[in-house]
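Read-outs throughout are calculated quantities, based only on the coordinates presented, and are distinct from any laboratory measurement. Source: prediction; values computed, not measured. Cβ: placed from backbone, ideal geometry, glycine included. Neighbour counts: every protein chain shown.
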Amino acid sequence: MEENPLLQPAATPYGLPPFDRIELQHYEPAFEQALAVARDEIKTITENPAAPTFENTIAALERSGRLMDDILTIFFALHNAETSDEMDVIAERIQVKAVEYSNDIYLDPVLFERVRTVYDNRASLCLDTEDAKLLEETYKSFVRGGADLDEDAKKRYREITGELSSLSLRFEQNVLAATNDFTLDIPAGDADKISDMPDFVVESMAAEARSRGHDGWSVTLHAASYIPFMTYSSDRSMRETLWRTYNTRGIGAHENRDIIIRMTSLRLELAELFGYPDYASYVLEERMAGSVDTVWKFMDELLTATKSRADEEVATLTAYAAEQGLCDGALMPWDWSYVSEKYKSARYALSDEETKPYLELDNVRRGIFMLAEKLYGIRFTHNPDIPVYHPDVTAYEVHEADGRFTGVIYMDFFPRATKRGGAWMTNYRSMYTTSDGCEIRPAVTLCGNFTKPTPTSPSLLTFREFETFLHEFGHCLHGLFAEGKYASLTGTSVYRDFVELPSQIMENWATEKEFLDMFAVHYVTGEKMPQKLIDKIVAAKNYLAAYANVRQLSFGMTDMAWHTVKTSVTCSVEEFEHMAMLPTQVLPHIEGTAMSPSFTHIFGGGYAAGYYGYKWAEVLEADAFSLFEEKGIFSREVAGSFRRNILSRGGSEHPMTLYKRFRGHEPATKALIDKILR
């Protein structure tokens, strides 16, 4: 076992994970040994003859299981970014034991009694802000983890959480398998089917076909392939085929509908164990919004203010499609991307093909690094000696202006069959301070599924991919700037409806000429992106802002519908989703399709009863960015305050307290509505 790289001090820069040495066979033995160590650490706390104190109980509990947490973090991060069938099997075995261990802690009566003793005596303790917050969160986590339940309820809680964990893992595996299963191959003899598509899309499709041994062009359900095809293909029949396949992932093959019904039922039962009327009420107690009523009121306010504008936008595109003969009959969901791109090109003389040459990936990365340097004074340095888990991945050291080490960021940009879809940020190591005062700095990763380079051109991003890069980079800054003593309170360890503020505010710089001039040059001519083009981007974004808002609300309302049920769902998943989305419907409903079976945010990730948080955070960022607009988009004063009061504070205080300290007032929904309707 001494040869297992997961159990040895890493001989890597900054003690980072030795990805070059880790093999699948190492995970389970390392986890088993780390699990035994973690159990011994808990035993030391529970068998301590001394009276419970903050240090020997609360702080000791926070520090316990660190080796196991490190191993699990590496494993499950790679399970998203570089998985395999064998890894799926290992994940199921490890997940069961990890959940069992977590339940053993929270359901241990002796340990809970020690925690409760410290909590009940908190008024007599001289705790600083972080210590007080850790005590509060530790106590709440035990209560919400079942510690106060009777024995029968504790047993049922174990069963529910164990099953939910396994179902969530299966759900994500099914979505990835369904995504990978489908390929639309266009034979070389059917060149007429792709003749009117932009060169960059055709080249990407040809490269995909070659990688699969196919002579012609191939389209997959991965975003970097699916979205360009849906945007530029004039073949309505192929668009419909692709759209229907994409929106039936998890239906039939790699079935997820039964998992949804079961998870929804189990989540309701879990909430009822604690006396809540539904799962959303249980979840929202630990969110900025605070209650189901607040969330529904918030979404209803946004929907009421923007639905009529969204309907107008759809009507305009429907009329345009009819005038131009772009589709026969009603405007259907598979027509939306194609028609809206045509309309955007006609009205604003704007297309992705026009913007992509200015958004070469390496230049974008360099520009985003420069933005962070101008705002926060940090610098990024590629370090090839830091091991990475795939040849596509690059590691950068991050340092402060005075040379102090800030952390490491891994960048993993391109799609592959072993990687889940979408874009995300993950912590490989959270920031914390050891018991002897040593500061452990964070390591984060930015994963995307951006447009790949082709034999004739570098990776050129769509404008939306550029915004996505900025978004995920904001999450990375949140992780990198973490300060504090406790990993459970630093970085992105915040309420779900607050965590999107640092990411979504970054998207505002995407259309700032002063920023774009730093890097956005035509990859062939070297010409800067002209103001006229930026103005067109802004105009086009503003035009469809209401539609985009209503679409996001449809996801949030579907999430809330699933998690506010008071009885088990008896209708079909498709019917339930249709009724949930009905208030937001702006395009025809297509029978037999549904997005819930591939809605990994709420059935695979941690956003159950929390997807509204994206819109909630938009309210925060609209209000927050207005201060940058007032003081200057590169204002070190505003950036310093944002870092000091938001980015570096993590979950050490209530998010509204942090926000008001930065902005001076609570945010208002009107800020976002004005932004959408301007």
*Over the chain, what relative contact order in percent results from Cα pairs under 8 Å that are six or more residues apart?*
16 percent
*What relative contact order, as a whole-number percentage, does segment 13-148 give when Cα pairs under 8 Å and 6 or more residues apart are counted?*
29 percent
*Determine the sum of side-chain charges near residue 591: Lys and Arg each +1, Asp and Glu each -1, restricted to other residues whose C-beta is under 13 angstrom from that of residue 591.*
-2
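Could you list 339, 96 so that the one with the fewest beta carbons within 10 Å of its beta carbon is first and the one with the most is last?
96, 339
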*Ranked highest first by average number of other Cβ atoms within 10 Å, how do 490-503, 642-655 line up?*
490-503, 642-655
*Indicate the helices, whole DSSP H runs only, in the chain that combine a mean Kyte-Doolittle hydropathy of -0.5 or more with a Cα extent along their long axis of 30 angstrom or more.*
24-46, 85-106, 292-324
*Reachable lysines from residue 536, criterion Cα separation under 28 angstrom, eight or more residues apart if same chain*: 307, 342, 344, 356, 374, 452, 513, 528, 615, 631, 670, 675
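What is segment 182-246 by shape, rounded, prolate or oblate, if you read a ≥ b ≥ c off the alpha carbon gyration tensor as root eigenvalues and call it rounded for a/c under 1.5, prolate for a/b larger than b/c, and oblate otherwise?
rounded
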_Show me the GluC sites (Glu not before Pro) within segment 364-401 that DSSP assigns to loop and that have at most 13 other Cβ atoms within 10 Å of their Cβ._
400
*Distant-in-sequence amide H partners of residue 444 (H built 1.01 Å from N, under 5 Å)*: 408, 409, 410, 428
*Residues 110, 573, sorted so that the one with the fewest Cβ neighbours within 10 Å comes first*: 110, 573
*With the dipole of the chain worked out from charges on the C-beta (+1 for Lys and Arg, -1 for Asp and Glu) around the Cα centre, which of 53, 112, 9 lies farthest toward the positive end?*
53
*Mean ellipticity per residue at 222 nm, deg cm²/dmol - from DSSP H runs of n ≥ 4 across the chain, formula -39500 (n - 2.57)*: -17000 deg cm²/dmol
*If each residue's Cβ is checked for other Cβ atoms within 10 Å, how do 612, 396 rank with the fewest at the top?*
396, 612
_Answer label, with Cα Rg over 2.2 N^0.38 Å calculated from the coordinates and candidates (1) 1.04; (2) 0.96; (3) 1.76_ = (2)
